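Asker: I am attaching a structure below and will ask some questions about it afterwards.
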Amino acid sequence: MSFRTIEWLDDAVIMIDQTRLPEEEIYNTYTDFQSIAEAIKGMVVRGAPAIGVAAAMGVALGARSIIADTHESFFRQLDNVCDVLGRTRPTAVNLFWGLQRMKRVAEENYSKNLDQIRDALKREAVLIEQEDQTICRNIGKWGNTVIPDGATILTHCNAGGLATAGYGTALGVIRAAHEAGKNIQVFVDETRPWLQGARLTAWELMKSQIATTLITDNMAGFFMNRGDITCCVVGADRIAANGDTANKIGTYSVAVLAKENSIPFYVAAPISTLDLSISDGSKIPIEERPFSEVTHIKGVAISPEGVKVRNPAFDVTPARYITAIITENGIVSGEYRSGLRKAAGL
Ligand code: MRU
């Protein structure tokens with residue numbers, strides 16, 4: 001990969017600023033957990049697995065800054081660090097998964113001194129980042145098996161290297177097919193309102209020299225109906241026990257169009273995106289983002305001042321529209337409840 005999404009370097013976190021792409025490739029340095037929380041909220045870093053990594057690194061940074069005489073005081077302050085990071089974005093479950101994992105490591109090291117606990121947290125955050133890269137490669141390996149040579153793949157939002165520690169989930173599948181020598185091309189939905197497709201996915205795919213065609217979201221049905229799309233591959237922010245999947249707003253429309261046109265619709269996601277504690281998608285919290293994302297593009301108003309606006313950032317695609325869910329542990333289809341549990345090793 002010719003860019004790094006997030007990395008721990010010399011007791012600081014370096015992240016590519018996704019609000020500035022594709023015009024500028026800028027790397028920001030973060031040394032405190034509050035600014036990591038702001039970066040997650042402000043979409044400097046976004047995409048479920050990348051948010052999970054950022055949150056874990058935020059905890060590690062937070063732990064370093066805690067001044068405490070006792071373990072009780074340290075753990076109380078660490079809880080506060082996790083609470084601040086946990087209040088940034090509600091939908092992607094990887095955020096909460098990352099925080100839980102960091103809390104568990106802290107507790108497992110309770111008998112150690114505070115510096116040893118801080119070191120254990122740093123090691124765990126770096127491990128989460130490294131594991132994510134391996135997980136994405138494995139999602140890619142499985143996903144490649146469902147992509148035919150010559151395929152035109154439609155994707156929505158950005159589930160690429162930028163949304164993970166590298167390589168990507170949906171784009172991991174696409175990268176793996178490309179690396180296997182398959183002659184594929186990708187149709188990229190622009191993904192209003194934040195334009196993850198136009199700004200990030202098109203940038204990433206073009207950097208990797210994968211044939212890319214950008215379309216606006218409302219063109220997807222046109223191309224599906226003409227027989228131009230072989231399959232759809234998207235990422236996920238939270239997958240309920242029954243397979244219902246929250247992903248970027250507009251994913252549901254793509255899935256319904258795919259079914260109508262008998263086009264396979266795949267979700268690619270790591271096991272850390274499963275939320276088996278909720279029975280179905282109706283329980284997934286949906287983030288509402290600022291109205292300015294709808295009323296403005298790059299600071300320029302595109303609607304009358306004072307218009308009523310809604311801006312849900314995600315929607316839920318019912319499992320019946322999903323052909324298969326591609327994880328690092330294999331491909332799940334059919335009866336999702338048992339299949340996802342098995343993939344999660346339960
Ligand atoms: O609001 P975003 O940009 O964080 O939303 C991202 C998505 O919806 C992605 O498709 C999802 O997180 C999967 S990323 C591998």
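Asker: Considering only residues of the range 269-285 that are assigned to a loop (DSSP other than H, G, I, E, B) and within 16 Å of the ligand (Cβ to nearest atom), which is surrounded by the fewest Cβ atoms within 10 Å (Cβ to Cβ)?
Answerer: 285
Asker: All but one of (1) within 30 Å of residue 338 (Cβ to Cβ); (2) surrounded by fewer than 24 Cβ atoms within 10 Å (Cβ to Cβ) hold for residue 247; which doesn't?
Answerer: (2) is the only condition that residue 247 fails.
Asker: What's the total number of residues in the range 236-265 that are under 23 Å from residue 288 (Cα atoms) and either part of a helix (DSSP H, G or I) or within 14 Å of the ligand (Cβ to nearest atom) (or both)?
Answerer: So the answer is 16.
Asker: On to the next question. Can you tell me which of 85, 99, 9 is surrounded by fewer than 23 Cβ atoms within 10 Å (Cβ to Cβ) and within 27 Å of residue 311 (Cα to Cα)?
Answerer: Every option except 99 fails the conditions.
Asker: Being within 9 Å of the ligand (Cβ to nearest atom) and in a loop (DSSP other than H, G, I, E, B) is the filter; apply it to the range 153-174 and report the residue that is nearest to residue 220 (Cα to Cα).
Answerer: Per the criteria, the residue is 156.
Asker: So for the range 208-222 (the condition being over 30 Å from residue 296 (Cβ atoms) and within 20 Å of the chain's Cα centre (by Cα)), does at least one residue qualify?
Answerer: Yes.
Asker: If you don't mind, another one. Here's a check for you: in the range 203-235, which residue that is open to solvent by less than 10 Å² (accessible area, probe 1.4 Å) and of a type in the set (Gly, Ala, Ser) is farthest from the ligand (Cβ to nearest atom)?
Answerer: If we take residues in the range 203-235 being open to solvent by less than 10 Å² (accessible area, probe 1.4 Å) and of a type in the set (Gly, Ala, Ser), then 220 is farthest from the ligand (Cβ to nearest atom).
Asker: Additional query: Looking at (1) closer than 17 Å to residue 126 by Cα; (2) in a helix (DSSP H, G or I); (3) not aromatic (Phe, Trp, Tyr), which is the only condition residue 38 fails?
Answerer: It fails just one condition, (1).
Asker: Just to verify a result, which residue in the range 286-303, among those that are more than 18 Å from residue 247 (Cα to Cα) and part of a strand (DSSP E or B), is most open to solvent (accessible area, probe 1.4 Å)?
Answerer: Top of the filtered list is 300.
Asker: Tally time: how many residues in the range 257-268 are open to solvent by 20 Å² or more (accessible area, probe 1.4 Å) and either closer than 18 Å to residue 173 by Cα or touching a Gly at 6+ places or on another chain (Cβ under 9 Å) (or both)?
Answerer: Qualifying residue count, the range 257-268: 5.
The values are calculated or read from the model by the stated rules, or taken from the named source; none is laboratory data. Being a predicted model, the structure only gives us computed values, none of them experimental. In this analysis, Cβ positions are derived from the backbone assuming ideal geometry, glycine residues included, and neighbour counts consider all displayed protein chains. SASA here: full protein model, heavy atoms, side chains in, ligands and nucleic acids out. Shrake-Rupley method; radii C 1.70, N 1.55, O 1.52, S 1.80 Å.
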